[in-house]
Each structure stands twice: as structure tokens, then as C-alpha cells.
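Comments concern the structure below.
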Amino acid sequence: MTALIDVQNLTLKFRTDEGLITAVDDVSFTINRGEVMGLVGESGSGKSVTAKALMHLNAKNAVYTPESKVLLHTDAGTVDVLKLRTAKELKVARGGAISMIFQEPMASFAPAITIGSQMVEQLLIHSDMNKARAKEISIEMLDRVGISDPAKRFDQYAFELSGGMRQRAMIAMALSTKPSLLIADEPTTALDVTIQAQVIDLMKDLVAEFHMGIIFITHDLGVIAQTADKVSVMYLGKIIEQGPVREVIRHAKHPYTQGLLAALPKLDDLDAPLTPVAGDIPSPLERPPGCVFHTRCPQIIGDVCKTKLPVDAQVDASHSVACHLYAEGAKV
Amino acid sequence: MSEKPIISARGLSVGFKIGSGLFNKTILKAVDNVSLDIKRGSFFGLVGESGSGKTTLGRAFLKAVPITGGHAAYNDDEVSYDLGTLTGPELKDFRTRAQLIFQDPYAALSPRMTVRDIIAEPLEVMGLTKTREETDARVREIAAKCRLNLEHLRRFPHAFSGGQRQRISIARALVSRPNFIVADESVAALDVSIQADVLNLLKEIQREMGLTFLFISHDLSVVAHTCDHLAVMYLGRLVETAPTRTLFKAPRHPYTKALFSAIPSLDPDDRKGGQRLIGEIPSPTNQPPGCKFHTRCPVVIDRCRIEEPKMEDPGDGHAVSCHRWKELLAMPAG
Ligand SMILES: Nc1ncnc2c1ncn2[C@@H]1O[C@H](COP(=O)(O)OP(=O)(O)OP(=O)(O)O)[C@@H](O)[C@H]1O
Ligand SMILES: Nc1ncnc2c1ncn2[C@@H]1O[C@H](COP(=O)(O)OP(=O)(O)O)[C@@H](O)[C@H]1O
Ligand code: SF4
Ligand code: SF4
Ligand SMILES: [Mg+2]
Ligand SMILES: [Mg+2]
């Protein structure tokens with residue numbers, strides 16, 4: 001497998017009036033060509049901030065530690081995205097090799113410019129084709145994502161489209177430059193299940209067709225089960241468990257992952273009680289020492305959890321969990 | 001649950017005038033000819049795609065939008081009100097009996113009020129308590145039921161997590177001791193854990209206080225777990241109603257079946273795909289003739305394009321509005 005992107009020891013803090021907020025804490029993962037990685041976690045766990053780091057797109061008050069690396073591999077060689085400075089250098093990570101789609105499609109379309117002009121502009125920035133060819137490709141792409149009458153839609157504004165159609169148009173725009181990595185941040189959260197199912201099918205087809213990598217961010221484990229090859233679970237800025245999707249969903253090891261699964265209403269057992277993860281997620285200003293989950297963990301072992309940061313333990317070659325229960329020497 | 005309905009609607013319609021100018025006004029029928037009973041003590045779920053009219057129907061039951069056709073009535077042990085004609089002191093009284101829970105607490109809570117004041121506000125506006133002591137006692141009682149402590153009451157809402165803000169909204173809706181609650185979860189983006197916590201709390205309160213809930217949701221697995229009865233809406237119409245288990249076990253309407261098959265399975269090996277519902281819900285200002293669902297129905301026949309089906313209840317409490325539902329019973333599920 002060819003690695004598209006290697007994220008190594010990514011740590012990201014935000015300078016705020018109340019002090020430094022740690023939003024991402026020592027996160028590492030790799031995405032290969034043709035692979036879909038799901039990123040799950042509660043709201044505020046750091047999913048969007050992690051995704052934006054891959055494009056060096058976080059707010060100005062973001063501070064990365066010197067150890068943080070985002071290594072993007074392209075045909076032209078490998079670059080550390082976090083070292084790129086000028087708009088010209090950053091082109092490769094923003095719409096070139098990497099494209100992003102957002103939860104709220106209105107955010108990625110300028111309200112006063114037609115969908116078509118925006119798509120054409122994107123293409124002109126990222127390639128040396130002429131305008132006529134860019135228009136042709138844009139219409140082809142709109143057609144490809146299942147938008148009927150694409151030539152007409154090309155001349156419409158985002159607000160004139162329905163929610164599902166807008167989401168498709170955004171996917172079309174993100175894919176028109178043929179990125180090798182697509183970041184999809186909650187692309188279906190605001191959609192009805194029926195339209196969500198259509199968008200999920202579309203994204204699966206596109207992975208197969210373009211053989212790209214995808215990061216699929218969502219808080220819906222059902223959507224992960226339907227789309228991802230592997231999954232990383234985030235809590236308070238840390239990846240606490242990662243592995244193949246079947247392994248993590250069927251044999252979750254981390255008490256937090258187990259808690260998320262138990263909280264889900266399941267259709268095959270309507271009598272099963274819904275069991276929330278006890279307690280509330282701590283404020284990022286008050287990150288617990290030791291294991292970040294210890295304030296809510298039902299399986300807490302004792303002082304070791306409150307004081308010592310758990311390191312990744314390998315459940316098997318591809319499945320790892322950061323929890324003292326699985327530390328070397330501990331009984332599994 | 002009692003057999004007596006707290007809410008009954010007969011041929012209920014809600015239309016909005018849209019467009020400006022004298023001659024290009026159109027009527028948008030957001031709710032069209034809905035007949036429905038919500039029994040006392042029920043946890044009644046309303047599902048359907050965005051724009052199907054769920055919020056509007058819920059608001060009609062709270063007399064928060066004008067009823068433009070048909071009837072809706074509210075009945076409890078003490079009063080009977082016709083919601084179409086209700087005015088004056090009776091309307092004021094009705095407002096204490098029926099309440100809305102905003103499920104978008106970020107938008108609903110004023111940042112400059114303490115939690116105590118937020119919860120107390122309805123009591124003061126409605127003049128339900130006479131002294132500050134009485135108000136405080138009511139606020140404390142309901143806050144405790146919603147698992148908020150005295151310390152919480154002194155703080156401002158921005159200091160709370162999503163789950164806690166939800167509990168504040170619930171306490172505010174319950175403080176007037178209503179009998180009927182509409183919970184409109186228009187923002188379905190709650191984290192699963194918070195969602196489970198809030199659902200458990202609502203069920204607990206419902207049992208304890210004997211309330212009736214109309215629960216509006218996009219999330220079918222959530223309604224499956226919380227509601228005893230379900231109604232499915234499409235383009236302003238009711239297309240199917242039944243007890244929850246019956247509906248999930250044996251849906252009769254092609255739309256309900258399509259909704260169920262779109263729920264993403266938690267089993268990574270069950271990636272069905274294929275038989276998806278195509279297209280989107282039509283605009284309510286440009287409704288198709290005949291059966292409203294015919295433009296997307298996988299089993300449409302010519303008759304559907306001309307003749308609108310009527311709601312039929314074959315006597316088992318499982319009503320459906322489709323020309324072909326009986327025929328489809330004999331066909332394999334799909
Ligand atoms: N005040 C209003 N004026 C005009 N049209 C309205 C008004 N309120 C609602 N509508 C329209 O009525 C239809 C039904 O809307 P409603 O909000 O009841 O849908 P819903 O089922 O609650 O959708 P969602 O799941 O997105 O909340 C929509 O087409 C909506 O745009
Ligand atoms: N520009 C910023 N300044 C300060 N804090 C921020 C900024 N952007 C994000 N955060 C904080 O970083 C944390 C992670 O946020 P985010 O990645 O958006 O979470 P998620 O996408 O998982 O819901 C949150 O605590 C959020 O408030
Ligand atoms: S390290 Fe301790 S507190 Fe953290 S998840 Fe494991 S058992 Fe729970
Ligand atoms: S009446 Fe016809 S179009 Fe409507 S749901 Fe039934 S089969 Fe489909
Ligand atoms: Mg986010
Ligand atoms: Mg609504």
C-alpha cells in the first residue's frame with residue numbers, strides 16, 4: 001500500500017484569553033491510497049481541528065509543537081504541510097493533493113458567485129487547463145455526482161439548490177481537481193437518512209473510481225461502519241483507540257469506545273436500555289492528568305490512571321488502544 | 001396510557017402565504033388534511049424527511065401557527081379546548097398545559113440570564129406563582145428532577161456542556177407543570193452519549209409526571225427506542241401510523257420501508273446499498289398530483305399518478321395511505 005499522508009505526533013494548542021487550550025495531543029496516523037479512515041468522537045474532541053491541520057488551515061491562534069509533522073506524499077516528493085508558508089506553497093495541500101468537504105455546504109460556496117464559476121476558478125488555480133475545458137470538466141463532475149441537468153445547475157447559486165443537491169455539488173467541486181486525499185468533515189450529519197445513504201453510496205463509488213484516500217469525520221458509528229476501512233476514536237484531543245473497522249466495532253477495547261457503542265440505540269434490540277457514558281466531557285481548559293478519560297471511566301484501575309499517561313498497546317498488528325488495562329504485563 | 005386522546009386532529013391543515021406582491025402569492029401547504037389521535041400518557045413519535053411538516057404539525061398542536069383547515073382539539077381531565085377558536089383567558093390557560101422543548105439549547109437560552117432565571121421565566125410570564133419563595137421552590141423541585149443542583153442554578157448557561165444545557169431547556173419547559181410536551185429535535189447532531197442521557201431523562205419524567213409527549217426526530221433508531229406510537233409524514237401528509245414495534249416489524253407504506261432501509265447498519269459486513277430511495281422530497285409549492293410519494297416510489301403504478309390514496313385502518317390500529325399496501329404484503333420485502 002502507498003501511504004498518502006503520515007501524521008506524526010501532531011500536537012496543537014490554541015492561544016486564548018483563558019490560556020493555552022490543547023485541542024490535539026500527540027496524534028499519529030497514516031492514510032493509504034484507496035483507504036477510508038473514519039474519525040469518530042464527541043463534539044469538541046478535536047476531529048475538525050485535526051483535519052484542518054492536514055491542510056494547515058487552522059485559525060491564527062493555533063500553535064503546533066516542533067515535533068508535529070504532517071508528511072504529504074505526492075508524485076513530486078514528500079512535503080511537511082506544517083512547514084509550508086506561502087499561498088503558493090500551500091496550494092498542494094489546499095485543493096491540490098488534498099480537498100475538503102464540510103458539514104455545512106453553504107460555507108464552501110460564496111453566495112454571490114454561481115456554482116459553475118467557483119468550480120472553474122478552482123480548476124484554473126490547480127491546473128493549467130483553459131476555461132472552456134474547465135467548464136466541460138465541471139459539468140461532467142456535476143453529472144458524475146448525480147445532479148440532474150448539470151449544465152443548468154452550473155449557472156445556479158448554492159442557495160437555489162436543496163440540501164442534498166448542495167452536498168453533491170460540494171463533493172463535485174472538491175473532486176474536480178482530482179485530489180489524492182479527500183477530507184469529509186461530517187458530510188452527512190445535516191442530511192436526512194435517505195439522502196445520507198445516497199451520499200455515502202456516492203462517496204464509496206468515487207473512492208473505487210479515483211482510488212483516493214478519504215478521512216471521514218462523523219460522530220455516527222453507523223456511518224463509520226458503512227464507509228470506513230479503519231477507524232480512529234478521539235477523546236479530548238487524543239486518539240484512544242484505532243484499528244480495522246470490524247475489529248473496533250465488534251471488539252472495542254477502550255472503555256470509552258465501549259461506552260460510545262453502548263449508548264447507541266440499536267434496532268435489533270428495542271428493549272435494551274440506552275446507557276450513556278457517565279458524567280460530562282471535561283472542559284479543554286481542565287484536561288485531566290494521566291488518562292484523559294479517567295474522570296468518566298467505569299473501569300478505572302486506580303492511581304495509575306489518574307497520574308500516568310497510558311501509551312498505545314497493540315491488541316494485534318493493526319489494532320491499538322491507549323489504556324492501562326492493556327499495558328504490557330496487565331491482564332487482558 | 002389511557003384510551004382517551006389528549007390531542008385529536010381531524011383533517012387538520014396549515015398553510016402559509018408565501019411570495020410578495022398582490023398577484024404572485026401562493027399558499028404553501030405545510031400540513032395537509034392530517035387526522036390523528038395522541039393518547040394520554042403516550043410517547044408519540046413523528047418522523048419524516050426534512051420539510052415534511054413535522055415541526056409545523058407540532059406547532060399547530062401548541063397553537064403556535066394558524067390552523068387553516070380542519071380541527072384540532074386538546075382534552076385533559078379538567079378542560080376541553082378547540083385549538084382553532086381558542087382565545088383570551090382560555091388560551092392563556094392552555095399555554096400552561098402545553099409546552100415546547102427547544103432541542104437547540106444553544107440558540108434557545110439567553111446568555112445573560114442565570115439558569116435559575118431561565119427556568120423561572122415561564123412562571124413569571126404566566127403569573128403562576130405569587131411570591132419569590134414559591135417560584136424558587138418550584139424551580140428547585142423541577143431542577144432536581146432534571147438532575148441540576150443548586151450550584152448549577154446560580155451559573156450562566158455558557159458554562160454548561162451540551163447535555164447540561166439540554167437539561168436546562170427541559171426544566172424550563174416543565175416548570176409550568178404542563179400535561180403535553182412537544183419535543184422537536186430539529187438539530188439531530190447531538191452526541192450519542194448526551195442523546196442517550198437526555199432520552200432516559202425524558203422517559204423518566206414522562207413516567208413520573210404522567211405526561212404526554214410528541215417527539216419529533218430524524219433519527220429512526222432513537223424513536224424506535226423511545227416512542228410507543230409512531231406517525232410517518234411525507235409532504236404534509238400522514239402516510240402511516242402504528243404502534244412502534246408493529247411499524248418496525250411490518251411497515252406497510254413504501255416510504256416507511258425506504259426510510260428504514262436507509263438507516264446505516266452498525267454491522268460493517270452489512271453494507272447493502274443498491275435499493276436506495278432516489279431523488280428528494282418535492283417542493284411543497286409544487287406538489288405532484290395523485291399520491292404525493294409517486295415521484296420516488298419504487299412500486300408506483302399508473303393509478304398512483306392520478307388518484308390520491310386515503311388513510312385506511314383495517315381495524316388493527318395500523319393505518320396506511322397507499323393504493324397497493326395489501327398487495328405488497330404478499331410481495332417479498334424490498
Ligand atoms: N412560517 C412559514 N412560512 C412559510 N413556509 C413555512 C413556514 N414554516 C414552515 N414552512 C414550510 O413548511 C414546510 C414544512 O416545514 P416544517 O418545518 O414543518 O418541516 P419539518 O418536517 O419540521 O422539517 P425538518 O425536519 O427540516 O425540521 C417546509 O416546506 C417549510 O419550508
Ligand atoms: N480557533 C480556536 N481557538 C480556540 N479554541 C479552538 C479554536 N478552534 C477550535 N478550538 C477548540 O478545539 C477543540 C476541538 O475542536 P474541534 O476540532 O472543532 O472538535 P470536533 O470537530 O471534534 O467537534 C474544542 O475545544 C474547540 O473549542
Ligand atoms: S487508562 Fe484507566 S481510566 Fe483510562 S480508560 Fe483505561 S482504565 Fe479507564
Ligand atoms: S399509492 Fe402508489 S405511489 Fe403512493 S406509495 Fe402506494 S404504491 Fe407508491
Ligand atoms: Mg467538528
Ligand atoms: Mg422541524
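The values are calculated or read from the model by the stated rules, or taken from the named source; none is laboratory data. The structure presented is a predicted model; accordingly, all values stated were derived computationally and were not measured. Neighbour counts are summed over all protein chains in view; Cβ atoms, including those assigned to glycine, are modelled from backbone coordinates with ideal geometry. These area figures cover heavy atoms from the full protein model, side chains too; ligands, DNA and RNA do not enter into them. Shrake-Rupley method; radii C 1.70, N 1.55, O 1.52, S 1.80 Å.
Round to a whole number: what % of the accessible area of chain B belongs to carbon and sulfur, probe 1.4 Å?
On the way: 7840 of 14830 Å².
C and S atoms contribute 53 percent here.
I'd like the distance separating the alpha-carbon centroids of the stretch A:308-329 and the stretch A:16-84, in whole Å.
22 Å
Mind checking the dipole of chain A: about its Cα centre, +1 per Lys or Arg Cβ, -1 per Asp or Glu Cβ, Debye to the nearest 20?
Details: 33 positive and 39 negative charges, 151 e Å.
The calculated dipole for chain A is roughly 720 debye.
Evaluate Rg over Rh across the stretch A:159-198, taking Cα atoms for both radii and Kirkwood's formula for Rh. Can you show the working numbers first?
Values: Rg = 10.8 Å, Rh = 11.0 Å.
So for the stretch A:159-198, dividing Rg by the Kirkwood Rh gives 0.98.
I'd like the distance between the alpha-carbon centres of the stretch B:119-190 and the stretch B:303-320, rounded to an integer number of Å.
What the calculation gives is 42 Å, centre to centre.
Just to be sure I understand the model, the point goes 7 Å from the Cα along the line to the Cβ. What's the resulting A:R133 to B:D76 distance in nm?
7.1 nm
Could you compute the FRET efficiency for A:K308 and A:I125, with r as their C-beta to C-beta distance and R0 at 60 Å, rounded to 0.05?
Details: r = 49 Å, r/R0 = 0.81.
About 0.80, to the nearest 0.05.
At a threshold of 8 angstrom on Cα-Cα distance, excluding pairs fewer than six apart, so keeping six or more, what relative contact order does chain B reach in percent?
Answer for chain B is 20 percent.
GluC sites (Glu not before Pro), restricted to the stretch A:221-328: which are DSSP loop and have at most 10 other Cβ atoms within 10 Å?
Details: sites: A:E241, A:E247, A:E286, A:E328; in loops: A:E328.
Here the sparse-neighbourhood loop sites are A:E328.
Indicate the gyration tensor shape class of the stretch B:1-74 (rounded, prolate or oblate), computed on the Cα atoms with a ≥ b ≥ c the square roots of the eigenvalues: a/c under 1.5 is rounded; otherwise a/b larger than b/c is prolate and the rest oblate.
Numbers: a/c = 3.12, a/b = 2.15, b/c = 1.45.
Note, shape of the stretch B:1-74 comes out prolate.
Looking at chain A from every direction and averaging, what is the projected area of its Cα convex hull in nm²?
The directionally averaged projection comes out at 18.6 nm².
Using the Cα centre of the protein assembly as shown as the reference point, and only Cβ charges (+1 on K/R, -1 on D/E), how large is the resulting charge dipole? Debye, rounded to the nearest 20. Don't skip to the end; give the middle numbers.
Values: 77 positive and 78 negative charges, 189 e Å.
Value, rounded to 20: 900 debye.
What fraction, in whole percent, of alpha-carbon pairs in the stretch A:268-318 exceed 13 Å separation? Mind showing how you got there, number by number?
Working: 867 of 1275 pairs.
The share of Cα pairs beyond 13 Å in the stretch A:268-318 comes to 68 percent.
Rounded to the nearest 0.05, what FRET efficiency do A:D80 and A:L285 have when you use their Cβ-Cβ distance and R0 = 30 Å? Mind showing how you got there, number by number?
On the way: r = 30 Å, r/R0 = 0.98.
Step by step, r from the Cβ atoms, then E = 0.50.
So which of B:K54/B:K292; A:K13/A:K88; A:K60/A:K91; B:K249/B:K326 end up more than 20 Å apart by C-alpha? Numbers along the way, then the final one.
Details: B:K54/B:K292 16 Å; A:K13/A:K88 25 Å; A:K60/A:K91 18 Å; B:K249/B:K326 16 Å.
Beyond 20 Å: A:K13/A:K88.
Translational diffusion coefficient of chain B at 10 °C, 1.306 mPa s, Stokes-Einstein with Kirkwood Rh over Cα pairs, in µm²/s as a whole number. Working shown, then result.
On the way: Rh = 21.4 Å.
This corresponds to a translational diffusion coefficient of 74 µm²/s.
Pull the list of chain B cysteines that no other Cys approaches to under 4.7 Å, Cβ to Cβ.
B:C146, B:C227, B:C297, B:C322
Compute for the protein assembly as shown: radius of gyration divided by Kirkwood radius, i.e. Rg/Rh, restricted to C-alpha atoms, rounded to two decimals.
Numbers: Rg = 26.4 Å, Rh = 27.1 Å.
Value, to two decimals: 0.97.
Principal axis extents for the stretch A:1-66, Cα atoms only, whole Å, descending order, please.
44, 27, 18
What does the charge count near A:D205 come to, summing +1 for each Lys or Arg and -1 for each Asp or Glu among other residues with Cβ under 13 Å from its Cβ?
+3
For the interface of B with A, what's the total buried accessible surface in square angstrom, probe 1.4 angstrom, rounded to the nearest hundred? Show your work: numbers first, answer last.
Numbers: alone 16670 and 16120 Å², together 29120 Å².
Interface between B and A: roughly 3700 Å².
Within straight cross-link reach of B:K25, meaning Cα distance under 17 Å, which lysines are found once same-chain residues fewer than 8 apart are removed?
B:K17
May I ask you to derive the FRET efficiency for A:A278 and A:T30 from their Cβ-Cβ distance with R0 = 22 Å, giving the value to the nearest 0.05? Numbers along the way, then the final one.
Details: r = 33 Å, r/R0 = 1.52.
Step by step, r from the Cβ atoms, then E = 0.05.
When the Cα centres of the stretch B:35-87 and the stretch B:218-269 are compared, how far apart do they sit, in Å?
That distance is 21 Å.
Return the calculated 222 nm mean residue ellipticity for the protein assembly as shown, to the nearest 500 deg cm²/dmol, obtained by summing -39500 (n - 2.57) across DSSP H runs with n ≥ 4 and dividing by the residue count. Spell out each step's value before the answer.
Numbers: 24 runs with 216 residues, N = 666.
Helices in the protein assembly as shown give a 222 nm mean residue ellipticity of -9000 deg cm²/dmol.
Per the Kirkwood definition applied to all pairs of different Cα atoms, how many angstroms is the hydrodynamic radius of the stretch A:106-178?
11.8 Å
Quote the charge dipole size of the stretch B:5-330 about the Cα centre in Debye, to the nearest 20; the model charges only the Cβ of Lys and Arg (+1) and of Asp and Glu (-1).
Numbers: 43 positive and 38 negative charges, 90 e Å.
In total the dipole reaches around 440 debye.
For the stretch A:184-256, rounded, prolate or oblate, judged on the Cα gyration tensor with a ≥ b ≥ c (square roots of eigenvalues), a/c < 1.5 rounded, else prolate if a/b > b/c? Intermediate results must be reported in sequence, preceding the final value.
Details: a/c = 1.94, a/b = 1.56, b/c = 1.24.
Prolate shape, in that a/c is at least 1.5 and a/b is the bigger ratio.
Just the Kirkwood number for the stretch B:229-332, please: inverse of mean 1/r across all distinct Cα pairs, in Å, one decimal.
Numbers: mean 1/r = 0.0684 Å⁻¹.
After inverting the pairwise mean of 1/r, the radius is 14.6 Å.
Would you work out the relative contact order for the stretch A:251-326, in percent, from Cα pairs under 8 angstrom that are 6 or more residues apart?
Working: 81 pairs, mean separation 18.5, N = 76.
Relative contact order for the stretch A:251-326 comes out at 24 percent.
For the stretch A:172-310, report the % of Cα-Cα distances exceeding 19 Å.
On the way: 5767 of 9591 pairs.
That tail contains 60 percent of the Cα-Cα pairs.
Using only the Cα atoms of the stretch B:1-143, what are the Rg and Dmax in Å?
17.9, 57
What area, in nm² and to one decimal, does the C-alpha convex hull of the stretch A:1-127 cast on average over all directions? Walk me through the numbers on the way to the answer.
Working: hull surface 38.1 nm².
So the mean shadow area of the Cα hull is 9.5 nm².
Where in the stretch B:9-104 are there GluC sites (Glu not before Pro) that are in a DSSP coil and have at most 15 other Cβ atoms within 10 angstrom of their Cβ?
Numbers: sites: B:E49, B:E78, B:E90; in loops: B:E49, B:E78.
Those satisfying the criteria are B:E78.
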